[in-house]
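What follows is a single structure, written as structure tokens, with notes after it.
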Amino acid sequence: MDRNNGKIGLWSYRAGTIPAILLVTILFILPMALVFGSAIREGTLINSLEDASTYRILLFTVEEAFVSALVSTVAAIPFAAFFSRYRFPGRKAILALSGLSFTMPAILVVLGFVIWYGNNGYLNTLLEGIIGCKPLRILYSFPAIILAHAYLNFPIAFLIITSAWSGRPETEELAAYTLGKGRLWTFLHVTLPAIRGSAASSFALIFLYCFSSFAIVLVLGGQPRYYTLEAEIYRRVYIDADIPSAAAISIIALAATAIMLLIMPEGRREKRTSRKKRELKEAHGGSLIAAFFLVILILLFLLPPMVAIVYRSFHEKGGAFTTEHWVKGLNAGYGAMLSSFIIAFLSSYLSTSAASAIALYSAHSRSRLLPFFTTLPLAAGSVTIGLGLLIASSYIGSLIPLSADWIRYILLLAAHVMITLPFSVRTITPRAQAIPEVLRDSAYTLGMSSIRTIMKVEKPLLRSGRMKAFCFSFALSLGEVNATMMISLGRLTTLPALIYDLIGRYDYQSASALGTILLLEALIVFIIAEIGDKDGIS
Amino acid sequence: MRKIILLALIIASIAVPLSAQAASEENTLTVYAYDSFSGDWGPAGKLIPMFEEKTGIDVELVGAGDAVEMLSRIELEGSMTDADVVIGITDDFAYRAYDFLEPYESPVLEDIPDWLEFDPEHRLIPFDYGDFAFVWDSESGIRKPESLMDLTSPEYKGQVILIDPRTSSVGLGLLLWTYNLYGDDFVSWWEAMKDNALTVADGWSSAYGLFTEGEAPIVLSYTTSPVYHVMNDNTTRYQALIFPEGHEATIEGIGIIKGTDKRAEAEAFIDFILTDGQADIAIANSMYPANSTTVLPDAFDYAPEPDTMFTSTAIDEEAKDEIIDIWTETMAR
């Protein structure tokens, strides 16, 4: 393919990414360098590499992350196939809802799972009323870890694949049918390869999220050998106050995730030849019944733990109704709600803007390095990001004459940008790659400058991707707690940090009340996004 | 429209740290407190205003995580710390804090029993203490365990919630308890206990939460835990098990950060905690007060004190690491 034309305007794409690269360098690479420097200076890296238990933990971490990512992604494919083909009542509501469980901080998932699936949970209590005993022993096992991870991450795979799938026209499938190929053959040889990119991308994301899982693995796993690298980093920082040795584990974790990112198969690049998208078919008859079943399945999976939390917020463990804990929770949580919202909004805005610049550039230059570079914060995990920024804060304090609270606030925002950026980049990049070069070239032919092309032609095409990225960033930031607690050091409280606090006083009921608010906030954002997304794919 | 909203949010976002800043003025005593002390549900909500009114000294309370997290934070911040006083460091980790503290011979020390004074130099002064114990649900229908050894009996399979000593001081408490009791043979107890554990939680709060949600009838906690249920839920259903082998004790201390410029205010705060604050702290934290003259509510009758208590003040870091390593090996098999 002749790419000369495309290269004319490359400099302006490059210029657009400079702020983004500066952002990642200053807020991520430099703090990481500080962390790693200490690990190498103190020799803890060698110690950890020589320690057999490091490999045992690493092995388990890879295992749980791999299984979780595989289960979530594979489970999502049939649902995505259906949701990207048919239109039916409740379709948008399900898409919005599935974004919700993704918002839940891990501790809330643990809470919801215990309240619903627990040995003495609502599900068992319901079954006891029917069959006379509490039959289910789901939690405290390896499958429980996977179930909880799938609960958090199935929506990622579902939404990413649905959106990619409905973004491509059905012409190739139709061609296959015309050639007399069967449905299965077409699915395996045409459709599957076409969605490979988005499936791989969601697999990688989920793998990384589960790689840094902590509370779910420890509480729901139920055995000391279910223990992740992130838990070990946490232990070394919080319990031993030994940053150099925590940094050593961070390096090992980062190396493992970086390797994983590099070997992930990349999907075939789909160049969209027209702006026309797939038309959703109206579901009727058999497909309407199928839609009904799939909707019920998703609802049965996603709703109960959330509903259990809402229900629990109004009821004592014994069953008595009360709103007392709502009053308590709201009084304590007012400020936290506000700061959570502001931090989530600003950080998502920044990360989405940075991500679209990066996505456009990497789509043009076919750079794999840049997306990899910007995914590094995800590979490092939020505890490590918090750790790096915490160390950096003392340097910043001596350089810039700002009060400690200001610095904490800015760093907190920075941490949230870093944590959401990888997600934004990964969501927007496939959309940028799908912009046909013809469009850009014709814009140049018509005498448009490259900057105008970006602003008037390409950015609008990225709109739905940006919207999606913004929502997920918002949700992610709203639920983020590890880095937040590390940096804010008790002075700035966010909603999930407060929920942690409440669970720490085993006030499950007030925690459930605030958890309900968190879910509501996220729900509103997703609804706004669905309404605002005029393309209406997903 | 979008620009206006964005602008409004940016302005609001500037207002948040500004209002946070207003709270931290120059002439205040900064107190680092562990979670069970700070916050609206801890004793701080009542005690801090009481102290401010009594002395005219303003206090800024910083919630700094649980006891060990708070200690780590003081180590990490070093001389940069804002703290003048730190409250809630336990005896088993005290050796890590001493370098950052200065001694204080409080006049209240004479009301504190000698066995509690784990630091002869009084850099850390005990203000409360507790004993680790298993708490059981007396309405669960299981037989009441009679001793620590009895807990390993196969009838308790999947009935006990334990806590990971790698991530929790309560979890470490049980590990040291078995070590003090059985010496190097502590491994056998854990081997026998493996099947009886429903789960090994990451911290006391998640473990106790699972317990009160009814996930298992036995949980690792403190002898004083039933007090909370008597006072708040008006139930004696949850009872602490006193074992004949004895119990591991944990003593919590308060101290003055080295080099503080608020020495007098810090001393006043400590004396207040050791006198007026004792009953409220004991009730809110579910701990026994260190000051022996404290009058406690009747609910404390449900917090039986064991006859035999061990402390692990003497076990150093290296030995502790080794015990944890052995435990990890044992449990991972």
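The values are calculated or read from the model by the stated rules, or taken from the named source; none is laboratory data. Only a predicted model underlies this, so the values are computations on that prediction, with no experimental measurement involved. With ideal geometry, Cβ positions are generated from the backbone for all residues, glycine too; neighbour counts draw on all protein chains shown.
Looking at B:274, B:241 in this structure, which one is touching a residue at least 12 places away in the same chain (Cβ under 8 Å) and out of contact with any helix residue (DSSP H, G or I) (no Cβ under 8 Å at 6 or more places or on another chain)?
B:241
Would it be correct to say that residue B:171 is outside the structural domain of residue B:51 (by TED's automatic domain parsing), within 26 Å of residue A:237 (Cα to Cα) and crowded, with 17+ Cβ neighbours inside 10 Å?
When the stated conditions are applied, residue B:171 passes them.
Which condition number does residue B:120 fail, the rest of (1) within 25 Å of residue B:290 (Cα to Cα); (2) surrounded by 15 or more Cβ atoms within 10 Å (Cβ to Cβ) being met?
(2)
Table: residues versus (1) in contact with a Ser or Thr (Cβ under 8 Å, 6 or more places away or on another chain); (2) in a strand (DSSP E or B).
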| position | (1), (2) |
| --- | --- |
| B:240 | yes, yes |
| B:248 | yes, yes |
| B:256 | no, yes |
| B:273 | no, no |
| B:284 | yes, no |
| B:291 | yes, no |
| B:321 | no, no |
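Kindly provide the set of residues from region B:44-69 that are in a loop (DSSP other than H, G, I, E, B), surrounded by 17 or more Cβ atoms within 10 Å (Cβ to Cβ) and either more than 12 Å from chain A (Cβ to nearest Cβ) or within 12 Å of the chain's Cα centre (by Cα) (or both), ordered by number. Walk me through it before giving the result.
Taking region B:44-69 first, the residues in a loop (DSSP other than H, G, I, E, B) are B:56-57, B:64-66.
Restricting the remaining residues to those that are surrounded by 17 or more Cβ atoms within 10 Å (Cβ to Cβ) gives B:57, B:64-66.
Hits for region B:44-69 are B:57, B:65, B:66.
Conditions: (1) more than 23 Å from residue B:295 (Cα to Cα); (2) aliphatic (A, V, I, L, M); (3) crowded, with 18+ Cβ neighbours inside 10 Å; (4) not assigned by TED's automatic domain parsing to the domain that holds residue B:211. Residue B:135 meets all but one. Number of the miss?
Looking at each condition in turn, residue B:135 falls short on (4).
Residue B:209 fails exactly one of the following numbered conditions: (1) over 22 Å from residue B:298 (Cα atoms); (2) touching a residue at least 12 places away in the same chain (Cβ under 8 Å); (3) crowded, with 23+ Cβ neighbours inside 10 Å. What is the number of that condition?
Of the numbered conditions (1) over 22 Å from residue B:298 (Cα atoms); (2) touching a residue at least 12 places away in the same chain (Cβ under 8 Å); (3) crowded, with 23+ Cβ neighbours inside 10 Å, the odd one out for residue B:209 is (2).
Out of contact with any Gly (no Cβ under 7 Å at 6 or more places or on another chain) and more than 25 Å from residue B:235 (Cβ to Cβ): does that describe residue B:158?
Answer is no for this residue.
Any idea which of A:251, A:259 is more than 11 Å from every other protein chain (Cβ to nearest Cβ) and without any contact (Cβ under 8 Å) to a residue 12 or more places away in the chain?
Sole residue among the options that is more than 11 Å from every other protein chain (Cβ to nearest Cβ) and without any contact (Cβ under 8 Å) to a residue 12 or more places away in the chain: A:259.
Tell me whether region A:120-130 contains one or more residues that are buried (at least 22 other Cβ atoms within 10 Å of the Cβ) and of a type in the set (Ser, Thr, Tyr). Steps first, please.
Applying the first criterion (buried (at least 22 other Cβ atoms within 10 Å of the Cβ)) to region A:120-130 yields A:121.
Of the ones still in play, those that are also of a type in the set (Ser, Thr, Tyr) are none.
The answer is no, given that none of the residues of region A:120-130 is buried (at least 22 other Cβ atoms within 10 Å of the Cβ) and of a type in the set (Ser, Thr, Tyr).
Please indicate, with yes or no, whether at least one residue in region B:230-244 is of a type outside the set (Lys, Arg), within 11 Å of chain A (Cβ to nearest Cβ), farther than 26 Å from residue B:312 by Cβ and within 20 Å of the chain's Cα centre (by Cα).
Checking region B:230-244: at least one residue is of a type outside the set (Lys, Arg), within 11 Å of chain A (Cβ to nearest Cβ), farther than 26 Å from residue B:312 by Cβ and within 20 Å of the chain's Cα centre (by Cα).
Identify the single condition in (1) under 17 Å from residue B:90 (Cα atoms); (2) within 14 Å of chain A (Cβ to nearest Cβ) that residue B:315 does not satisfy, given that it satisfies every other one.
(2)
Where in region A:403-513 are there helices (runs of 4 or more DSSP H), lying wholly inside it, with at least 3 residues that are away from every other protein chain (no Cβ under 14 Å) and at pLDDT 70 or above?
Answer list for region A:403-513: A:404-433, A:437-445, A:463-479.
Quick one: how many residues across region B:32-66 are of a type in the set (A, V, I, L, M, F, W, C) and within 21 Å of residue A:494 (Cα to Cα)? Steps first, answer last, please.
First pass over region B:32-66, keeping only residues of a type in the set (A, V, I, L, M, F, W, C): B:33, B:37, B:41, B:44, B:47-48, B:50-51, B:57, B:59, B:61-62, B:64.
Now restrict to residues that are within 21 Å of residue A:494 (Cα to Cα): B:33, B:37, B:41, B:44, B:61-62, B:64.
Number satisfying all stated conditions: 7.
On the basis of being in contact with a strand residue (DSSP E or B) (Cβ under 8 Å, 6 or more places away or on another chain) and assigned to a loop (DSSP other than H, G, I, E, B), does residue B:305 make the cut?
Criteria met by residue B:305.
From the list A:367, A:362, A:393, pick out the single residue that is over 28 Å from residue A:521 (Cα atoms) and surrounded by fewer than 18 Cβ atoms within 10 Å (Cβ to Cβ).
A:367
Right, residue B:211: at pLDDT 90 or above, closer than 30 Å to residue A:221 by Cα, part of a loop (DSSP other than H, G, I, E, B) and outside the structural domain of residue B:68 (by TED's automatic domain parsing) or not? Show your work before the answer.
Values: at pLDDT 90 or above: yes; closer than 30 Å to residue A:221 by Cα: yes; part of a loop (DSSP other than H, G, I, E, B): no; outside the structural domain of residue B:68 (by TED's automatic domain parsing): yes.
So residue B:211 fails the test.
Considering only region B:74-91, state which residues are touching a strand residue (DSSP E or B) at 6+ places or on another chain (Cβ under 7 Å) and buried (at least 18 other Cβ atoms within 10 Å of the Cβ).
B:74, B:81, B:83, B:84, B:85, B:86, B:87, B:88, B:89, B:90, B:91
Output the number of residues of region B:146-166 satisfying the condition of being in contact with a strand residue (DSSP E or B) (Cβ under 6 Å, 6 or more places away or on another chain) and either surrounded by fewer than 23 Cβ atoms within 10 Å (Cβ to Cβ) or among the charged types (D, E, K, R) (or both).
3
What is the residue count in region A:308-355 for residues that are among the hydroxyl-bearing types (Ser, Thr, Tyr), within 26 Å of residue B:38 (Cβ to Cβ) and either crowded, with 20+ Cβ neighbours inside 10 Å or touching a strand residue (DSSP E or B) at 6+ places or on another chain (Cβ under 6 Å) (or both)?
Residues in region A:308-355 being among the hydroxyl-bearing types (Ser, Thr, Tyr), within 26 Å of residue B:38 (Cβ to Cβ) and either crowded, with 20+ Cβ neighbours inside 10 Å or touching a strand residue (DSSP E or B) at 6+ places or on another chain (Cβ under 6 Å) (or both): 3 in total.
Just checking, which of A:237, A:219 is within 8 Å of another protein chain (Cβ to nearest Cβ), out of contact with any Gly (no Cβ under 8 Å at 6 or more places or on another chain) and closer than 16 Å to residue A:68 by Cβ?
A:219
Please go through region B:189-208 and give me each residue that is farther than 15 Å from residue B:130 by Cβ, in a helix (DSSP H, G or I) and more than 7 Å from every other protein chain (Cβ to nearest Cβ), ordered by number.
B:189, B:190, B:191, B:192, B:193, B:194, B:195, B:196, B:207
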